[in-house]
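Participant: Structure provided below as structure tokens; questions to follow.
Nothing in this text is a laboratory measurement; each read-out follows from the coordinates by a stated rule. Being a predicted model, the structure only gives us computed values, none of them experimental. For neighbour counting, all protein chains shown are included, and Cβ atoms are generated from backbone atoms with ideal geometry for every residue, glycine included.
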Amino acid sequence: MNLRKKSIVFCGIFVLLFLISGITLMYKGNDAIALAIEKKDGILTAEQVKLSFDSVSGRLIKEAIKEGQEVKKGDIIMQLDSTDTDLSIEKTKAQIAQLDAQINSQNGAINVEYAMTDTQEVQTFNQIDQQKAAIASAQATYKNKQIDYNRKLQLLEVEAIAQSDLDDAKMALDVASADLAQQQELLNQLLGGANDNANTQDINLPTINQQRQEIDNKLNDVEALIEQKKQLEVQLKELEVTKSRLTLYAPEDGKIIKILAKQGEMILANTPVVLLESNRRYYDIYISENQVANLAEGDTINGKSIANDLTVPGTIRLITQAPGFADLKQSREKGQADLSAFQIRIYTDDVEGLQTGMTIEVTDDEFTKR
């Protein structure tokens, strides 16, 4: 009976202490945020960056860092095998060089054809001028023969000459007429259907124009080759970008926390391979709505490191309402509405001796002096 009574007494005492503690907590508001508002301190936390190879995959052939190593922005972290990409780059460069040779060859041939066409045009103009001179000579001969024939025809009428003399004159006239027609035909052939102008250089020769049009069409073939070259140049740039992505660089200063991939492993694109702790560090504190009224994002604020009493200047980056007390405890304190609390995120400046994980405290003076 004594043992049973003692057990009942101990249980009663335990229940009584539990009730007293609960009531005390409820009236004093000793939940996590209430305590945080009262103490206003936070743990210094560094932002972490997961590094991965951007849109490329392959076999990891080089680890240039170790866990715990400090790195600077631009330092090489890892490299993937670039053999296939290098071969594709060399192949594309060879194709571009081949197209360059074809383009240069065709441009050279076209320039030669243009020059030959220009020369042929000049020669044709010269031939036309010569033919015009031949026609003028044939016309003069024909005119003389015509005069001689008419004169002998008159002499024959008065029986001053024999019929054979007239026949000779008629034959000479026919020969001169035929020669004139022949010279005119040769000129028509040189003109090729073009209209004869007084100034030979103004004549638009159809044959020369046709040759130039055919050469112009060859320029279209050259343009097609140039477009092919442009496409290959774009492919080359893409391959060079791909190759550059096969080397992973540190995006900022920081510390290697963990290496997630080992040399020799196949790495998938966009899969984290290294965890980097950046030098961007912050801590969170909680303050009341009365204190937040004088603060704004972008304001500077000073804290103290509890471990070594360092002054830690920082900048407020975020002010947001903290979760309500009843949301955390799932009950109303004292039957009243929740008190408003605000979470403040402060990014610190670089301070020598300050380590990630240290506790930073902000005194009430930082809020009352504003």
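Participant: Looking at segment 243-288, which trypsin sites (Lys or Arg not before Pro) are in a loop (DSSP not H, G, I, E or B) and have at most 12 other Cβ atoms within 10 Å? Show your work: numbers first, answer last.
Facilitator: Details: sites: Lys243, Arg245, Lys255, Lys258, Lys262, Arg280, Arg281; in loops: Lys262.
Filter output for segment 243-288: Lys262.
Participant: Report, to one decimal in Å, the Kirkwood hydrodynamic radius for segment 86-241 based on all distinct Cα pairs. Walk me through the intermediate numbers first.
Facilitator: Details: mean 1/r = 0.0477 Å⁻¹.
When all Cα pairs of segment 86-241 are included, the Kirkwood radius is 20.9 Å.
Participant: Next up: Measuring from label point to label point, each 7 Å out along Cα→Cβ, what is the Gln213 to Asp165 span in nm?
Facilitator: My value for the distance between the label points is 5.9 nm.
Participant: Compute, for segment 86-241, the length of the dipole vector about the Cα centre, with Cβ point charges of +1 (Lys, Arg) and -1 (Asp, Glu) only. Units Debye, rounded to 20.
Facilitator: Numbers: 13 positive and 26 negative charges, 25 e Å.
With Lys and Arg at +1 and Asp and Glu at -1, about 120 debye.
Participant: So, one more: For Asp253, what is the net charge nearby, where nearby means another residue's Cβ is under 13 Å from its Cβ and Lys, Arg count +1, Asp, Glu -1? Intermediate results must be reported in sequence, preceding the final value.
Facilitator: Details: positive: Lys72, Lys73, Lys255, Arg280, Arg281; negative: Glu47, Glu70, Asp75, Glu252, Glu277, Asp350.
With Lys, Arg at +1 and Asp, Glu at -1, the net is -1.
Participant: Using θ = phi - 60° and the Karplus form 6.51 cos²θ - 1.76 cosθ + 1.60, what ³J(HN,Hα) does each residue of segment 354-361 get, whole Hz, x for Gly and Pro?
Facilitator: 7, 10, 4, x, 6, 8, 10, 10
Participant: What order do you get for Ile287, Ile96, Ile346, Ile61 when you list them from fewest to most C-beta neighbours inside 10 Å? Intermediate values should be presented prior to the final figure.
Facilitator: Working: Ile287 22, Ile96 18, Ile346 25, Ile61 14.
Result, fewest neighbours first: Ile61, Ile96, Ile287, Ile346.
Participant: Next question. How much FRET efficiency would the formula 1/(1 + (r/R0)^6) give for Asn150 and Glu240, where r is the Cβ-Cβ distance and R0 is 51 Å, rounded to 0.05? Mind showing how you got there, number by number?
Facilitator: On the way: r = 90 Å, r/R0 = 1.77.
The value I calculate is 0.05.
Participant: Student exercise: in segment 86-241, how many lysine pairs 8 or more apart or on different chains have Cα atoms under 27 Å apart?
Facilitator: Lysine pairs meeting both conditions in segment 86-241 amount to 17.
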